[in-house]
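The values are calculated or read from the model by the stated rules, or taken from the named source; none is laboratory data. Please read all numbers here as calculations on a predicted model, not as lab measurements. So basically every Cβ, Gly included, is an ideal-geometry build from the backbone, and we count neighbours across all protein chains shown. Only protein heavy atoms, including side chains, enter the accessible area calculation; ligands, DNA and RNA are left aside. Shrake-Rupley method; radii C 1.70, N 1.55, O 1.52, S 1.80 Å.
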Amino acid sequence: MHTMDKVMKGLHEFINERAPNGPQSEAELNQLIDEFMVQHNESIENLYGDAEPMDVYDYLDFADKAYRKKDKKEYLAKAAELEPDNADVKLAQAELEAKGPLELIEVLPGLIAEEEKRLKDQQIYNRSKGDFWLVVETRPYMRLLHRYLMNLTECGVINKAIQVGEEMMRLNRNDNLGIRFELMPLYAKVCNELKALKLYKQNKDEKTNSFYLLPLALLYFKLGDWPKAKSYLETLKQYYPITKKLIRAIKKEDMNFIHANSSLLGYLPGTDEELMAAYLSNYSVYMTEPYFFEWADKALIVHRKPKK
């Protein structure tokens, strides 16, 4: 993630240098991009062949890869020397020093407020609203918010987590971060049927997506509408053949099955790997609902009529 931001930043600087008034056509823009990528690809081998990292994001990458906490701290300190206000560096330092998610919940609001003020002072915040993940300068702010959302969820501070997720959706309308997939289980957790259905209907082209169907089944189980919960489970089973086996594994706490059927390299939409990701990426919510999975296992049993 840091590496891609670095490439995008370099591309913007290259275009501004070569075309100060902006590219005059799509053809010119494409040519500039091609020229930049040629230079970038030629520099990669030299950049990473050096013993010392080159800039703040190199130090962050080295910190990510270091095994010892001492080494991580040293790399992050060097990054902070180069860019004291860099939100990614501050987040990495906070994650390294925090004893757990509860401590991060206490630290992150201050970092978020600092970065928000910095973006507003530089008049970046307001002009970027709606596209925060597409603008290089506001991506670190979104990473801060996302880490806050994840830790709030892990600690069970659900209503606050929902507020943060909804704010991220407002700041980044096309939601290429997939925050909607994290909000759905949270809406189910607090039984907010209105917001869950609104989000579901806003994304009609994803109506059979497991990131919606599983939390909707949970929602209606918690609301006591078990026939509707079962209908969502049946739809889930129709599109994702592993559904019954996954629910049985969750009920039995068989993490070996879950990890054996999950992919570390991502997933293709509409595949069993997607359903596994829908469960694991929202594990903090689902792990607190054991009776839902116990019920779901029974609900999906096929009762065949005895032969005459």
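Quick notes
- Test item: Cα-centred dipole of the range 120-234, Lys/Arg +1 and Asp/Glu -1 on Cβ, debye: 180
- Each residue of the range 244-254 is assigned a 3J(HN,Hα), and the resulting list reads 5, 5, 5, 4, 5, 5, 5, 4, 8, 6, 8 Hz, derived from the Karplus form 6.51 cos²θ - 1.76 cosθ + 1.60 (θ = phi - 60°), x at Gly and Pro.
- Accessible surface computed residue by residue for the chain, with neighbouring protein chains in place and a 1.4 Å probe, gives 58 Å² per residue.
- Size of electric dipole in the chain: Cβ of Lys, Arg +1 and of Asp, Glu -1, about Cα centre, debye, nearest 20: 2640
- Rounded if a/c under 1.5, otherwise prolate or oblate - the range 183-308, Cα gyration tensor axes: rounded
- For M169, the solvent-accessible surface with a 1.4 Å probe is about 40 Å², rounded to the nearest 10.
- Rounded Å value of the spacing that divides the Cα centres of the range 92-120 and the range 247-308: 34
- Residues whose amide H comes within less than 5 Å of that of N172, counting only those at least five positions distant or on another chain, are G130, F132 (H built at 1.01 Å from N in the peptide plane).
- Pairwise label distance in nanometres, Y283 with S262, each label 7 Å out on the Cα-Cβ vector: 0.4
- Pairwise FRET efficiency - A27 versus L102, Cβ, R0 = 51 Å, nearest 0.05: 0.40
- Prolate/oblate/rounded label for the range 117-199 (Cα gyration tensor, a/c 1.5): prolate
- About its Cα centre, the dipole of the range 60-106 is roughly 320 debye, where the only charges are +1 on Lys and Arg Cβ and -1 on Asp and Glu Cβ.
- For the range 178-245, the mean projected area of the C-alpha convex hull, equal to one quarter of the hull surface, is 4.4 nm².
- Peptides 158-165, 294-301, 253-260, 64-71 ranked from most to least packed give 158-165, 294-301, 253-260, 64-71, packing being the mean of other C-beta atoms within 10 angstrom over each peptide's residues.
- At R0 = 35 Å, FRET efficiency that the Cβ-Cβ distance of D34 and M54 yields, to 0.05: 0.90
- Charge dipole (the chain, unit charges on Cβ, about Cα centre) - positive-most of L102, A161, L223: L223
- The equivalent ellipsoid of the chain has semi-axes of 41, 22, 21 Å, largest first, where each one is the square root of 5 times an eigenvalue of the Cα gyration tensor.
- Prolate/oblate/rounded label for the range 209-255 (Cα gyration tensor, a/c 1.5): oblate
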